[in-house]
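The values are calculated or read from the model by the stated rules, or taken from the named source; none is laboratory data. Treat the numbers as computed from the prediction; the structure is a model and nothing was measured. Neighbour counts run over all protein chains shown; Cβ positions are idealised from the backbone, glycine included. Just so you know, the surface numbers come from the protein's heavy atoms only, side chains and all, with ligands and any DNA or RNA stripped out. Shrake-Rupley method; radii C 1.70, N 1.55, O 1.52, S 1.80 Å.
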Amino acid sequence: MDESDYLEHDGLGLARLVAAGEVTAGELLDAARHRARAVDPGINAICTWLDDHADERAGGTLTGPFAGVPFLLKDLHQHLAGQPTADGCRALVGRRADATSTVVQRWLDAGLVVFGKTNTPEFGAKGITEPAAFGPTRNPWDRDRTPGGSSGGSAAAVAAGIVPVAAASDGGGSIRIPAACTGLVGLKPGRGLVPFGPQDSEPLDGLATHGVVSRSVRDTAAMLDAVIGADAMSAYASAAPDRSLLGQLDEAPGPLRIGYTTHCALRDQPHPEAVLAVERAAQLLTELGHRVEEVAPPHDDRQLGRDFLTIWFVHQAIEVDQVARETGAGDDGFELDTRMMAALGRSFSAIELQEAQERRRDYVAALGALHAEYDLLLTPTLGEPPIRIGALDTPPALRAVTAALLRTRTAGLLRRTGIVDQVVERNLAWVPYTQLANITGRPAINLPLHRTAEGLPMGVQFVGRLRSEGLLLRLARQLEDAAPWDRCWQVPSAV
């Protein structure tokens, strides 16, 4: 199979070629590796190669909707027994998984051929992908810019044509942000639909979920069909769709009521490109017969940002302490920013953490009130175009102060300096729209409906009610048909 044939098809299209005997799984694997060797040195999407495992899989008997299709896992909580799994952390480089994650086993059962793992920030803790352990991943559309995070490696790999679909996960926007940065489809399923066993039950108190980034809506639908459903470690069994998501794609979503907003308390003014992305989407939706109206933001996103980071910092502290116990790693095993987040997490009281958790009820109520009038909420996915590599590096002066406070175990003093609000501003102001869906547990999807004047992708986000994955995908399919983004997915030749 030559490269042009390989790049022409999405995942289901490649699987159909295998099923028809037109190509073998081994030939698809060769094509994926050839593409990776050509483009990955420029973008650094793949951090671990699993060649022996992939060769064995491709040479065996494969069944399922994606039988024979090359695939990449994200190097974060997506374990393959006996294979490296580092979570973007220097202290964990060389660690091997002792069991296969339920979601990974379901991808294997779908027939996928895993040949590598993709880069992620340390513990998935940032909306960029620049870990010290493996170096920064770069956006195929502009290698000076980020592909987002924390699924930045997967998004870069799909956007660069290495694979048509790749594994991802989302604890605060980590599927939707990189999908928006690289021109892909990225669906965050609702809370509890996709299991985290056997290693975890509900990471981040239910904020996080597995998923994929892909070029086509049908690949996203079929991938979700393949992995949903509770396992023995699930906290509860969320109600699954009553029929195949892929099977209902061609049904019209019906005339929908859609409320849109671009306003955000974390920015003085919405970025013009973010506004333009939503305005153009609203116009297209109106042309398709939907009722689209501007609405006020349903929640206080500044307070939500504080609450989100309170939960996040506490979990960073737990994760760092656990890894340190298991590996014996000292401070040099972790990035300074991670250690700072962990120290801030330790500084919160149990009451402060619980107050942040309790306010989730307020955000659920606010979004529920909006959904009583509107089927979907439309926002930008990004607050601004993909930022430059290094833009979120901690300033040298703050790094020096932080290092000193960590050495003297007085890092809790950082809170008195207002650093939490500074972190909210610096890290969330460019991606302020995605955390609402995680806090409330609602499904949300990025669609690649906009590009800047410079050709950089910028998506728009739709947030739905509980159990609206099918509706989101049907609308996505309608928009994909009306404004096909697959015509421009392929990266420029500069890669």
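Computed quantities for the displayed model
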{"quantity": "Arg346 vs. criteria surrounded by 14 or more Cβ atoms within 10 Å (Cβ to Cβ) and more than 21 Å from Leu406 (Cβ to Cβ)", "calculated": "no"}
{"quantity": "Residue that is farthest from Ala232 (Cα to Cα) [pool: residues in region 102-127 that are part of a helix (DSSP H, G or I) and among the β-branched types (Val, Ile, Thr)]", "calculated": "Val104"}
{"quantity": "Output for region 36-74, where each listed residue is under 27 Å from Ala125 (Cα atoms), part of a loop (DSSP other than H, G, I, E, B) and in contact with a helix residue (DSSP H, G or I) (Cβ under 7 Å, 6 or more places away or on another chain)", "calculated": "Ala45"}
{"quantity": "Condition met for Arg176 (in contact with a helix residue (DSSP H, G or I) (Cβ under 9 Å, 6 or more places away or on another chain) and open to solvent by 10 Å² or more (accessible area, probe 1.4 Å))", "calculated": "no"}
{"quantity": "Qualifying position, being open to solvent by less than 30 Å² (accessible area, probe 1.4 Å) and touching a Cys at 6+ places or on another chain (Cβ under 7 Å), among Asp75, Asp87, Asp40, Asp10", "calculated": "Asp75"}
{"quantity": "Pair list, Cβ under 6 Å, 6 or more apart: region 288-301 residue under 21 Å from Ala365 (Cβ atoms), other residue in a loop (DSSP other than H, G, I, E, B)", "calculated": "Val295/Thr261; Pro297/Thr261; Pro297/His263; Asp301/Cys264; Asp301/Ala265; Asp301/Pro432"}
{"quantity": "Output for region 138-148, where each listed residue is open to solvent by 10 Å² or more (accessible area, probe 1.4 Å) and touching a Ser or Thr at 6+ places or on another chain (Cβ under 9 Å)", "calculated": "Arg138, Trp141"}
{"quantity": "Among (1) open to solvent by less than 10 Å² (accessible area, probe 1.4 Å); (2) under 21 Å from Gly171 (Cα atoms), the one test that Gly111 misses", "calculated": "(2)"}
{"quantity": "Exclusive hit being out of contact with any Asp or Glu (no Cβ under 9 Å at 6 or more places or on another chain) and open to solvent by 10 Å² or more (accessible area, probe 1.4 Å), set Leu204, Leu249, Leu184", "calculated": "Leu204"}
{"quantity": "Residue check, Thr381 in contact (Cβ under 8 Å) with a residue 60 or more places away in the chain and either basic (Lys, Arg) or farther than 18 Å from Asn438 by Cβ (or both)", "calculated": "no"}
{"quantity": "Pair list, Cβ under 6 Å, 6 or more apart: region 50-65 residue polar (S, T, N, Q), other residue modelled with pLDDT of 95 or more and not in a helix (DSSP H, G or I)", "calculated": "Thr63/Gly111"}
{"quantity": "Residues within region 461-485 that are of a type in the set (Lys, Arg) and not in a helix (DSSP H, G or I), tallied", "calculated": "2"}
{"quantity": "Hey, Asp321 part of a helix (DSSP H, G or I) and either of a type in the set (Asp, Glu) or open to solvent by 30 Å² or more (accessible area, probe 1.4 Å) (or both) or not", "calculated": "yes"}
{"quantity": "Criterion (polar (S, T, N, Q) and more than 30 Å from Ala343 (Cα to Cα)) met by exactly one of Thr262, Thr310", "calculated": "Thr262"}
{"quantity": "Condition met for Gly135 (out of contact with any strand residue (DSSP E or B) (no Cβ under 7 Å at 6 or more places or on another chain), within 24 Å of Arg339 (Cα to Cα) and surrounded by 24 or more Cβ atoms within 10 Å (Cβ to Cβ))", "calculated": "no"}
